[in-house]
Structures are given as C-alpha cells and as structure tokens.
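Worksheet for the structure shown next.
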Amino acid sequence: MSAGAAGPLREAPAWGRLQAHFAEVRKHHLRDLFAEDKARGERLVADGAGLFLDFSKNRVTDETVMLLGELARERGVEERREAMFRGEHINVSEDRAVLHVALRMPRERSLIADGVDVVKEVHETLDRMGAFCERVRDGEWRGHTGKAIRNVVNIGIGGSDLGPVMAYEALRHYSRREMTFRFVSNIDGTDFVEATRDLDPQETLFIVSSKTFTTLETMTNARSARDWSLAGLGGEEEAVAKHFVAVSTNADAVTEFGIDTDNMFGFWDWVGGRYSMDSAIGLSTMIAVGPDRFGELLAGFHAMDEHFRTAPFEANLPVILGLLTVWYVEFFGTRTQAVLPYDQYLKRFPAYLQQLTMESNGKHVTLAGDRVDYATGPVYWGEPGTNGQHSFYQLIHQGTEIIPADFIGFTHPLNPLGEHHDLLTANVFAQTEALAFGKTAEQVAAEGTPDQLVPHRVFEGNRPSNTLLLEQLTPYALGSLVALYEHSVFVQGTVWSINSFDQWGVELGKVLAKKVASQLGSDTEPAQDHDSSTNALIGRYRAARR
Ligand code: G6Q
C-alpha cells in the first residue's frame, strides 16, 4: 500500500470489529475491569525514551488494544511512518517532505532527501548556532555601544513563538539566570511595549523568528523593535547588525529587512512551523540553556523518534496514545482531550500542544480531497496541576461529557522543598483514581451524607485517563515528551487519512486582515464591499477613531 492510500475509514475491516467490540466495552465500568483483572494496572503500560505510560485507566481491554493496532496497520501507519522517515513528500497539499525527525538525528547519520544530505545541513546550522550562542552567553558578542547582551527578545508567532516560549519556561531551571528572555508575538502593541519597557536597548538582542519572513505580526513587531533599538542607540543604522539576528528560510527578505545573512540561521521547507522548536527556531532556547543542554533536548526527541520507528505497536507510546485518542473521538464521541502537567515549568505546554495537535489534525478533508464522514482532531486544552483541580476539574469529574485526560508527572522535583513534591504527585495519582473509580451512592451515604445531598456527591467514575510518569524535567525528558505528542498526532492523522502537515485555515488568516487594515486606515471613505455587519463595524471603528 502506498503512503496515504488507505481506503474509506469506515470500510476498514478493523473498524467494523471495533464497532462491535465497542458495543460490549462501553457497558463495562473501570471498577469492574480492574476487579476482574488484578494485573491490569501492571500490564496496560508501556515505556520508552525515558517515559512511562500507564494507560490501564482507559475504557479498553486487551482486545481493544489489539484491534486498534490492527486498525493502525490497515490504515498504513507503518508504511507512512517509513515514508516520513525516508523524506518522501507526505505533505501532499504542499508537495513537501516532513522531516522534523531529521532535526535531531545524530551527526553520524545521513538522510538524503530530494538529493541533499539533510542531516549534514542540520548539523552545520547547529554548529553555527552553538558558536553564536556561546559568544552571546560569554559576553563576547557585544552590542553597538560595547555592552554585553543581557536581554534576548524572540519575535515570532505561532510555530515561531509557541515552541520557544514553552521550551524556555520548561527549561528555565537550566537557563542563564543573569539574562532576561522575553517573547513577543501579538500584533497588539501592548505585547511589544510591555516586553521591552524595562530593557536597555544597548544590552538587548532581538531574534526575528519567521520561516517566511513575511508574517504581518512578526514583521510589524520587528520594525517596531528596530525603531526602538535605533532610538536607544543614537539612530545609527549599523547598530542593527549587533542587535538583530534572524531565523528564517527566506534569505532575501532577511537581507531586505537589514539583517546580514551572516547573522541569519536557516532552516528548511520540510520543517513545519509547529514542528520547528528543535530547529534554528530554538535559538532563544539554546542561548538560554546552552548548546550542550540543547543537544540533550535533541537527544530526547531522537530517542522517542527511534522508539516510534522501532517499537511494536502494542508497546509503542505514540501509537498507543494516538490510537486511544482515535478510540475516544470515534466511538465515545469525545470532542476534547485534556493535558494536565503536574509541573509548574510546563505551564505553557498545553498552549504549545494546542497548536501542535489542532493545527495538525483540525482538518475535514482526506488526503485525496474527500470530505470525511467521521470526526477528526479533538480540542486539546489544559493547565498545570494542581491549579486546574480548583477550577475546571469539576466538569471532568461530574460533567455530562467524557473528557479523556493525560496526567503528566515526575518522580524527582527540580526544586525539592519540604513535602511539596509528594503532595503534588499524590494529587496526580488521587485524581486519576477518583476519575476511574468514582464514589457510589452507597459509599457517599455510608459517610453519613444527608439523603438529599447524596446525588450531588456521587462520582460516577469510569472517566478515562493516562498517566505519564517521567523521572525529572530535563531537556532530554522535554524532547521525548514533545516527540511523543508529535508522533501521536501523526498516528491519528494517518488513521483519519488527513494531512497533518498543512494549515490552510491559518494561511487564510494571514491574508484576510490585510484588506480590512487598508480600509480602517484609509483617508477616503472605503468601498462598502463586505457584508452589512463587517461594513458597519468598519464604519463604527473609523468614526470612533476620527
Ligand atoms: C505553523 C503554522 C504557523 C506559523 C506562523 C508563523 O505550523 O504554519 O503557526 O508558524 O504563522 O509563520 P512564520 O514563521 O512564517 O512567520
């Protein structure tokens, strides 16, 4: 079977078997599944690349796991995975290879894609990045007035922002504490103004991160940054050279902006924005934690890539995670997936995952261009625990929807402090236990609860969760965790036969605002060439601004 050539999903033999199987499984409560099978909690687990997954608290049996594996095989997950690793153009709508896995291949590897050894190019860029980062970190790279760089501001949006900011926050423990890192993404001027208000332009380096170097938000912020720098550096144009570097695939646009290509770090069209935090887009991360730690991050990514490529489906973490999502979306009709990291450093991880998952699998046509007749990517969302427990967990426990949840915990804290870590981890285990097993009316009544309150205090349970347990939030662990979700997205997208690597919905937003912007700012009355609502809103705004 050629990659992506799977037939209609509902006609897959395993799909029919899963449907019949679902009719049976849905009747079972997790309480019974655990009571009938004492080894369940030790059997329905998998580990790899430093990550342990307990998926026993899901609404599945061994047969479910086997059938989902069959479905994955029938849908061509193995073939498509190999095609991705070989550098074939599996991103069919953009006719591109999808090779983020090459970004973390070790130096001694080689991968020829479209006639070029991409691993060699990756390492050439990593070496240049490393040399530059060391100069900045050592204070050797001086600003225009001779001062060392103390502040780094990454300007980018979407894939050129969410990865860097998430990684910086996640790895803050390892970061150069005397330096300040800021991230400007929004075209709302507040973002830039607040990010720079207490910074000295003489000590500030801007990294303009944009694959295309044409994105409205980023280019607008970059121009404001240049004005801000020039104003603070005496207005000499050559000052820009010492305070701006670019990360992009568009050398012409970088030059036109006034950044010397010597100060540009490139990447390639086969790196999607949301898959780029381990490319040169991670320059701010590398300045923060240093090239060696960045190398550990890449090693974690690579370890998960290898696990994904080689582990049998039944023991393959991204395959299991991706297939469980398919199982809930298609058969239980769930529409959202919570991700709940019990680590404060991972506070931006859910936001990062939102882009990775929803921009990848928020699609309604198949690779062949037909409208799907099944649901695709769910909404991913979340907040760090335990904070979320004091707000939205109510709905996960007692709402009318089933919300599968991934709990992420670590055995070793980065900041040991009294009992904090045991208490934090106790909450992970207690929450998943409560979600799975709930509390019956009899149990509630036996606690002496007045009759009229019993229904309010019953927890039905039977709510699914995964527990991901890692040793410590190291750069390696972060890489492995991100790659886990990248490949889980791949598995889902392949089963659904959609292209997880294009983003036409996001492209639309990039052009829509341009016309309206010219109408908001024009001196003459603009043509009323929108619908009545949009025309009236433009008129109201113009009147208010007059
Ligand atoms: C990512 C998306 C999108 C993109 C931004 C920024 O997969 O395509 O989020 O990263 O729109 O694009 P540039 O890097 O080209 O500025």
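The values are calculated or read from the model by the stated rules, or taken from the named source; none is laboratory data. These numbers were taken from a predicted model, which means no experiment stands behind them. Cβ atoms come from the backbone with ideal geometry, glycine included; neighbour counts cover every protein chain shown.
Looking only at helices (runs of 4 or more DSSP H) that fall completely inside the stretch 268-345, which ones have 2 or more residues that are touching a Pro at 6+ places or on another chain (Cβ under 9 Å) and under 15 Å from S488 (Cβ atoms)? Don't jump to the end; show me each part of the working.
Values: elements: 283-289, 291-310, 317-327.
Where helices (runs of 4 or more DSSP H) fall fully within the stretch 268-345 and carry at least 2 residues being touching a Pro at 6+ places or on another chain (Cβ under 9 Å) and under 15 Å from S488 (Cβ atoms), they are 291-310, 317-327.
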Can you run down the residue pairs with Cβ atoms below 6 Å, 6 or more apart or on separate chains, where the first is in the stretch 1-19 and closer than 10 Å to R75 by Cα and loosely packed, with under 14 Cβ neighbours inside 10 Å and the partner is modelled with pLDDT under 60 and not polar (S, T, N, Q)?
-> none
Subset of the stretch 90-140 (residues that are assigned to a loop (DSSP other than H, G, I, E, B) and buried (at least 21 other Cβ atoms within 10 Å of the Cβ)) = I90, A97, V98, L99, M105
If you go through the stretch 153-170 one residue at a time, do you hit one that is assigned to a loop (DSSP other than H, G, I, E, B), within 16 Å of the ligand (Cβ to nearest atom) and over 16 Å from R274 (Cβ atoms)?
-> no
Filter the stretch 530-546 for residues that are loosely packed, with under 10 Cβ neighbours inside 10 Å and either of a type in the set (A, V, I, L, M) or part of a loop (DSSP other than H, G, I, E, B) (or both) and give the result.
-> D531, A543, A544, R546
Among (1) in contact with a helix residue (DSSP H, G or I) (Cβ under 9 Å, 6 or more places away or on another chain); (2) within 14 Å of P464 (Cα to Cα), where does H307 come up short?
-> (2)
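Check T255, T196, T261, T218 and return the single one that is among the polar types (S, T, N, Q) and under 22 Å from G509 (Cα atoms).
Numbers: T255 fails: under 22 Å from G509 (Cα atoms); T196 fails: under 22 Å from G509 (Cα atoms); T261 fails: under 22 Å from G509 (Cα atoms).
Exactly one of T255, T196, T261, T218 is among the polar types (S, T, N, Q) and under 22 Å from G509 (Cα atoms), namely T218.
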Selected residue (criterion: surrounded by the most Cβ atoms within 10 Å (Cβ to Cβ)) from residues of the stretch 189-220 that are more than 16 Å from the ligand (Cβ to nearest atom) and assigned to a loop (DSSP other than H, G, I, E, B) = L199
By residue number, the members of the stretch 254-264 that are within 14 Å of the ligand (Cβ to nearest atom) and either loosely packed, with under 14 Cβ neighbours inside 10 Å or β-branched (V, I, T) (or both) are V254
Failed condition for E88, given (1) out of contact with any strand residue (DSSP E or B) (no Cβ under 9 Å at 6 or more places or on another chain); (2) acidic (D, E); (3) over 28 Å from D198 (Cα atoms), with all others met?
-> (1)
Could you grab me the full set of residues in the stretch 66-125 that are touching a residue at least 24 places away in the same chain (Cβ under 8 Å) and among the hydroxyl-bearing types (S, T, Y)?
-> S93, T125
If we take the stretch 37-87, then helices (runs of 4 or more DSSP H) inside it with 2 or more residues that are surrounded by 19 or more Cβ atoms within 10 Å (Cβ to Cβ) and on the phi < 0 side of the Ramachandran plot are 62-74, 77-86
Give me a count of the residues in the stretch 458-513 that are touching a Phe, Trp or Tyr at 6+ places or on another chain (Cβ under 7 Å), acidic (D, E) and more than 14 Å from the ligand (Cβ to nearest atom).
-> 1
Answer residue from the stretch 221-253, given it is out of contact with any helix residue (DSSP H, G or I) (no Cβ under 6 Å at 6 or more places or on another chain), within 16 Å of the ligand (Cβ to nearest atom) and assigned to a helix (DSSP H, G or I) and is farthest from A131 (Cα to Cα) among those | R223
Run N535 past the list (1) more than 16 Å from the ligand (Cβ to nearest atom); (2) under 24 Å from T212 (Cα atoms); (3) not acidic (D, E) and report the number of the one that doesn't hold.
-> (2)
Which one is nearest to Q354 (Cα to Cα) among residues in the stretch 503-529 that are assigned to a loop (DSSP other than H, G, I, E, B) and in contact with a helix residue (DSSP H, G or I) (Cβ under 7 Å, 6 or more places away or on another chain)?
-> Q503
Counting only residues that are under 27 Å from K363 (Cα atoms) and either aliphatic (A, V, I, L, M) or touching a residue at least 60 places away in the same chain (Cβ under 8 Å) (or both), the stretch 508-546 contains a total of 7
Of (1) of a type in the set (K, R); (2) in a strand (DSSP E or B); (3) free of Cβ contacts under 8 Å to residues at least 24 places away in the same chain, R182 fails just (3)
Candidate set from the stretch 450-498 (those that are part of a strand (DSSP E or B) and in contact with an Asp or Glu (Cβ under 8 Å, 6 or more places away or on another chain)); member that is farthest from L317 (Cα to Cα) = S465
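How many of the residues making up the stretch 381-418 are within 16 Å of L468 (Cα to Cα) and in contact (Cβ under 8 Å) with a residue 60 or more places away in the chain?
Of the residues in that region, 9 qualify.
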